[in-house]
Amino acid sequence: MQSYGVNELRKMFLEFFESKGHLAMKSFSLVPHNDKSLLLINSGMAPLKPYFTGKEIPPRTRVTTCQKCIRTGDIENVGKTARHGTFFEMLGNFSFGDYFKNEAIEWSWEFLTEVVGLDPNRLYPSIYEEDDEAFEIWNKKMGIPAERIFRFGKEDNFWEHGSGPCGPCSEIYYDRGEKYGCGKPDCTVGCECDRYMEIWNNVFTQFDNDGNGHYSELEQKNIDTGMGLERLASVVQDVDSIFDVDTIKALRDHVCRLAGKTYGEGYNNDVSIRVITDHIRSVTFMISDGITPSNAGRGYVLRRLLRRACRHGRLLGIDGHFLTVLAETVIAGSKDGYPELEEKKDFILKVIAKEEEQFNKTIDQGLGILSDMIVDMEKNGTTTLAGADAFKLYDTYGFPLDLTKEILEEKQLSVDENGFREAMEIQRKTARDAREVTNYMGADVTVYEFIDPSVTSTFVGYDNLTYDSEVIVLTSENELVDALSDGDKGTIFVNETPFYATSGGQEADTGMICTANGEFRVDDTIKLLGGKIGHVGQVIKGMVKVGDTATLKVDAEKRALSARNHSATHLLQKALRTVLGNHVEQAGSSVNEERLRFDFTHFSALTEEEVKQVENLVNDSIAKAYDVDIKNMPIEEAKKTGAQALFGEKYGDVVRVVNMGDYSIEFCGGTHVKNTSEIMALKIISETGVAAGVRRIEALTSTGLLKYYDALEAKLHAAAKLLKATPDNLAEKISHVLTENKDLHSEIESLKSKMAQEAAGDVMDQVQEIAGVKLLAAELQGIDMNGLRDLGDQMKEKLEEGVVVLASANDGRVNLMVTATDGAMKQGAHAGNLVKAIAGCIGGGGGGRPNMAQAGGKNPAGIADALAKAAEVLREQLA
């Protein structure tokens, strides 16, 4: 068998499947696109999921890739054995509803035996125990004896992930020979030793799992295969492990030269050599895809790998910075398959050097602190480092928790991970609660504080909505970075920008920033000290890095609508000063694409007539189609034009003057229409007070106004439909309905009064005398509170002088009313206190004035007790 290198095998695989009608696609980024289930791409099929699920149409039904992958689930084991690694390349061929088992099995065998040249007698297929179809293909079509085809259960040979598409697998094992075996007489395929190595896995996605263990056949069956490139190379090159294959060995040998060590002569040294060899591969590829070190997400994984490699360099005795020279070896060994490594070489080396330098500044001090902590642990007889101490190492010296754990494990010690997480949460909460902590200028400290003060931006958006410029600074949400990748949120700074930043009441532009390798959605544009303009948003595709040439594209429609509303505020201020007087000054404004808001000094609400006058003046100015002339001029010259300045605003020696037909002239830095006719029309929606001496107008123009009228018209038609009218006769219909309603209401009240009187019957015979004051305490049926009050007034007249207490139950609730005449009150009667005293009997409460009070309750059964108690309470009041 001929020995092939890693780069040769990659090329051979892709070309073989191209010959079978497959589209050879470039490796996808390690950053998942629109897939929140993954932090990093960890398999060949992961970036192809949209094709398998049908969310996207594949460019071809047959595809082949060599996908760069990273898995960090067992990062702590990397180095300890030669089996584990974080970075690998996965060869794969995929069918989206095209070919199925026959072709997949035949081509995998053809590639391994005829193209690569593996001995067929050393290859052993495995199948899912119930997949007789695959058995028949291997046995009858491919001619593999039944005894060399191994059936395994679901755990080994059936791929599924919860509900959804799933299916059986067929793996191909290679017998590497006795020298790699365990020596046991029963050693065969499936043994845990290194003799029989699985090199290819064919997944036949043919079923749909409903989540309850019920499987149905898929209409579109798919093929998903995977073969580790490094693993195949170790077989072809007949070497012990992936660390011995040609490209990785070259990197491993470079580590050995830097350390002055020989691989294979000491376990501890070998561990460190493997850690550095593996991690620098991952680091190099991650940075090439725009991932930069941070304390969260992918950036934290990168930082962990980088700092773990740094620390193992120290263990090997490597002096100074060394990771960048190793990264160059990675690039040289892999650029054939990944030319972007060479293209982004300077960027990769810069990020690594910066992070390595940063960690080296604190690692010695941190190691010293950890050593002291370990000594204290030994003195105290404890084997677990406190979580707060581990967090101190993380927060102050940049030690990822995994690094602290690894150092402790080397001494058979551990760390309180829960305590670490608790300490981290306390710090986060403290940070959230301490927003009042500010910098020396009294502003909240932000990531922008760390930008070089010499960085500045030039606004070129008065005349351009699209502009090319260089990316000069990038930030994530909490630190300066060299790149932002797919899904990352951050801020972009360029030399020149057409994006208008929020200022002068005008809200910011939004839009897109595009580079050769990335797209960034601008959600906000901010103005910072020192003339910096930041574009805040999120990378929606690819990667953006410092030094990229970017095309900045402002949302033209949003800008145009905002300009119309901004120009309208100038006309509005002029109209307000004309109608109300020159005391009117702008007190604030807010302008966006939807509406305008204008605050102004005035000391009373505008009348309807004044609102209409203002509106008419603005619309007259719009109809006159004034040209808008904008000039920069010395401030003294500008003042001579009569230009209106914003009260309290500080201006420089040169100001920008916006002149609308010599009707409205103002100092302004915002964006405007070229002619007032573009505004179309203005409608004042509301006029309210916002503070003492400050009024606020909200208004709409152009598209916003049309939308407002559309909504108004829809409501009008809906109202007309409810009344079975048309918009034209709706007012007449409403007037008729109101009159009818008024008549019906009067009729209902008359009937209710009559019913109440009938319900009361002849209650006057229930009148009793308490200490010389007449008391009528009676229960009525089905009378509401209004009815009780009316009856109470009638009973008072009949009594001439006295107290009336009426109670009525209605749908499980009780209404209770007490009223007293002037004479009764002079003798001590108090309706409010009386009702309070008896309301408890009906399970409620109430109160009122001395002459009239009421209560409500939920216990009709207590009415009799309440009426009886009324006499007792009145007697006490009159005593």
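The values are calculated or read from the model by the stated rules, or taken from the named source; none is laboratory data. Remember, it's a predicted structure, so these values are computed and weren't measured experimentally. Note that we place each Cβ from the backbone using ideal geometry, even for glycine, and neighbour counts take in every protein chain shown. The accessibility values were calculated without ligands, DNA or RNA, using every heavy atom of the protein model including side chains. Shrake-Rupley method; radii C 1.70, N 1.55, O 1.52, S 1.80 Å.
Working note: Debye formula, equal point scatterers on the alpha-carbon atoms of the stretch 528-677, no solvent; log10 I(q)/I(0) at q = 0.10, 0.12, 0.16, 0.19 Å⁻¹ is -0.45, -0.62, -0.98, -1.26. As I understand it, the value is the acute angle between the Cα axis of helix 556-580 and the longest principal axis of the Cα atoms of the chain; what does it come to in degrees, rounded to 10? Once rounded, the angle reads 30 degrees. Scalar couplings 3J(HN,Hα) for the stretch 609-619, obtained by applying the Karplus form with A = 6.51, B = -1.76, C = 1.60 to θ = phi - 60°, are 5, 5, 4, 5, 4, 4, 4, 5, 5, 5, 5 Hz; x denotes Gly and Pro. Please report the base-10 log of the normalised intensity I(q)/I(0) for the stretch 798-879, using a Debye sum with one equal scatterer per alpha carbon and no solvent, at each q in 0.15, 0.16, 0.21 (1/Å). Reported log10 I(q)/I(0), two decimals: -0.45, -0.51, -0.84.
Rounded to the nearest 500 deg cm²/dmol, what is the calculated helix-only ellipticity per residue at 222 nm for the chain, with -39500 (n - 2.57) per DSSP H run of length n ≥ 4?
On the way: 24 runs with 333 residues, N = 879.
Calculated at 222 nm, the ellipticity per residue is -12000 deg cm²/dmol.
Assign one of three labels to the stretch 1-105, namely rounded, prolate or oblate, based on the Cα gyration tensor with a ≥ b ≥ c the square roots of its eigenvalues; rounded applies when a/c is under 1.5, prolate when it is not and a/b is larger than b/c, and oblate otherwise. Verdict is oblate for the stretch 1-105. Taking the C-alpha atoms only, the angle from helix 323-334 to the longest principal axis of the chain is near 70 degrees. Consider all pairwise Cα distances in the stretch 195-331 and report the whole-number % of them above 20 Å. Considering the stretch 195-331, 59 percent of its Cα-Cα pairs are separated by more than 20 Å. Proximity of backbone amide H atoms, modeled 1.01 Å from N, is registered between Lys532 and Ser457 at under 5 Å, excluding neighbours fewer than 5 places apart on the same chain.
Just to be sure I follow: if Rg is taken over the C-alpha atoms of the stretch 518-575 and Rh is the Kirkwood radius over the same atoms, what is Rg/Rh? Could you put the intermediate results ahead of the total?
Details: Rg = 15.8 Å, Rh = 14.1 Å.
Rg/Rh: 1.12.
Within the stretch 116-163, the ratio Rg/Rh, alpha carbon atoms throughout and Rh by Kirkwood, equals 1.05. Across the stretch 501-509, computed HN-Hα scalar couplings (Karplus, 6.51 cos²θ - 1.76 cosθ + 1.60, θ = phi - 60°) run 8, 3, 5, x, x, 8, 6, 5, 5 Hz from first to last residue, x flagging Gly and Pro.
The Rg/Rh ratio for the stretch 716-839 is 1.23, where Rg is the radius of gyration of the alpha carbons and Rh is the Kirkwood radius. Using alpha carbons only, how many degrees (0 to 90, rounded to 10) separate the axis of helix 417-433 from the longest principal axis of the chain? Helix 417-433 sits at roughly 40 degrees to that axis. When the solvent-accessible area of the stretch 799-863 is split by element, carbon and sulfur atoms take up 46 percent of it, the probe being 1.4 Å.
Positive end of the charge dipole of the chain (Lys, Arg +1 and Asp, Glu -1 on Cβ, about the Cα centre): tell me which of Leu39, Ile734, Asn517 has its Cα farthest that way. Projecting each Cα onto the dipole axis, the largest value belongs to Ile734.
At a temperature of 37 °C and a viscosity of 0.692 mPa s, determine how fast the stretch 42-182 diffuses translationally according to Stokes-Einstein, using the Kirkwood radius over alpha-carbon pairs as Rh; express D in µm²/s, rounded to the nearest whole number. Roughly 189 µm²/s, to the nearest whole number.
For the stretch 605-712, state the semi-axes of the equivalent ellipsoid (square roots of 5 times the eigenvalues of the alpha-carbon gyration tensor), sorted largest first and rounded to whole angstrom. Show your work: numbers first, answer last.
Values: eigenvalues 153, 72, 31 Å².
Working through the eigenvalues yields semi-axes of 28, 19, 12 Å.
Here the Karplus curve 6.51 cos²θ - 1.76 cosθ + 1.60, taken at θ = phi - 60°, turns the phi angles of the stretch 153-165 into couplings of x, 4, 4, 9, 10, 9, 9, 7, 9, x, 7, x, x Hz, with x standing for Gly and Pro. Less than 5 angstrom separates the built amide H of Ser589 from those of Asp599, all sequence-distant by 5 or more or on a different chain.
Restricting to Cα atoms and excluding each atom paired with itself, what does the Kirkwood estimate give for the stretch 286-353 in Å? List each step's numbers first, then the result.
Details: mean 1/r = 0.0792 Å⁻¹.
For the stretch 286-353, inverting the mean 1/r across all distinct Cα pairs yields 12.6 Å.
In a reduced charge model with +1 at each Lys and Arg Cβ and -1 at each Asp and Glu Cβ, the chain shows a dipole moment near 1260 debye about its Cα centre.
Normalised by the number of residues in the chain, the mean separation of alpha-carbon contacts (under 8 Å, six or more apart) gives a relative contact order of 6 percent. With bins 10 Å wide beginning at 0, the percent of Cα pairs of the stretch 658-728 falling in each bin runs 15, 27, 32, 16, 8, 1. The Cα-based radius of gyration and maximum Cα-Cα distance (Dmax) for the stretch 478-553 are 11.7, 35 Å.
Evaluated at q = 0.07, 0.08 Å⁻¹, a Debye calculation over the C-alpha positions of the chain (equal weights, vacuum) places log10 I(q)/I(0) at -0.86, -0.94. Computed across the stretch 157-240, the Kirkwood radius stands at 14.7 Å (inverse of mean 1/r, all Cα pairs). For the stretch 41-94, the spherically averaged projection of the C-alpha convex hull amounts to 4.2 nm². Per residue, the chain exposes 48 Å² of accessible surface when a 1.4 Å probe is rolled over the protein heavy atoms with every protein chain present. The charge dipole of the stretch 16-144, taken about its Cα centre with unit charges on the Cβ atoms of Lys, Arg (+1), Asp and Glu (-1) only, comes to about 600 debye.
Taking the three principal axes of the alpha carbon atoms in the stretch 344-418, the coordinate ranges are 50, 21, 20 Å, sorted in descending order.
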